[in-house]
1. Let me know the charge dipole size of the chain about its Cα centre in debye, to the nearest 20, where only the beta-carbon of Lys, Arg (+1) and Asp, Glu (-1) is charged.
2. Cut-off 10 angstrom, C-alpha nodes, Gaussian network model of the chain. Which of Asp65, Asp75, Asp35 fluctuates the most?
3. Which trypsin sites (Lys or Arg not before Pro) does the stretch 16-88 hold that lie in a coil by DSSP with at most 14 other beta carbons within 10 Å?
4. Take the solvent-accessible surface of the protein heavy atoms, probe 1.4 Å, and return the percent of it on the chain that carbon and sulfur atoms account for.
5. How much mean residue ellipticity at 222 nm does the chain get from its helices, if each DSSP H run of length 4 or more adds -39500 (n - 2.57) and you divide by all residues, to the nearest 500 deg cm²/dmol?
6. Identify the GluC sites (Glu not before Pro) of the stretch 1-101 meeting these criteria: DSSP loop state and at most 16 other C-beta atoms within 10 Å of the C-beta.
7. If you count only protein heavy atoms with a 1.4 Å probe, what accessible area per residue comes out for the chain, rounded to a whole Å²?
8. Only one of the values [x] 2, 14, 25, 24, 18, 10, 5, 2, 0; [y] 2, 13, 25, 27, 21, 9, 1, 0, 0; [z] 2, 10, 15, 15, 12, 11, 10, 8, 6, 5, 3, 2, 0 was calculated from this structure for P(r) over Cα pairs in 5 Å bins from 0, in percent; name its label.
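The values are calculated or read from the model by the stated rules, or taken from the named source; none is laboratory data. Small disclaimer: the values here were computed from a predicted structure and weren't measured. Positions of Cβ are generated from backbone atoms using ideal geometry, with glycine treated the same way; all protein chains shown enter the neighbour counts. Surface accessibility is based on the protein's heavy atoms, side chains included, excluding ligands, DNA and RNA. Shrake-Rupley method; radii C 1.70, N 1.55, O 1.52, S 1.80 Å.
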Amino acid sequence: MKLYLVKEDEREVWVAALAHEHMYSYVANTGMFHDNNALRNDFYMERDFRYEPIGAAEARRLIGDGVGSLDEEEDADALAEWRSDTNALAAADVLSMAAGFDE
């Protein structure tokens, strides 16, 4: 599993994890990583965002700083879907899996 800081221009948008061609984004509102097919498509094809490889320690810092926070009103539909996501990945698990790639 590889970790990325996803940026739009200079704005930090997501902490993302790539695993077996699935892209997961950390959603601070849920405290979990969620499969994000739109982000996967951007990573492989569109490249509207910029992807900077990061390690687990940097991902923890960014998560602690609130990267991946969404507006509860503006993003209500997406958040409702993610809150009902039974396949979400715990942040601690993702960061532990990714730690092996830091070396």
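1. 460 debye
2. Highest fluctuation of the listed residues: Asp75.
3. Counting only loop positions with at most 14 other Cβ atoms within 10 Å, the trypsin sites (Lys or Arg not before Pro) in the stretch 16-88 are Arg47.
4. Here carbon and sulfur together make up 46 percent of the probe-accessible area.
5. Rounded to the nearest 500, the figure is -8000 deg cm²/dmol.
6. In loop regions of the stretch 1-101 (DSSP not H, G, I, E or B), the sparsely surrounded GluC sites (Glu not before Pro) are Glu10, Glu21, Glu72, Glu73, Glu74.
7. For the chain, the per-residue accessible area is 58 Å².
8. [y]
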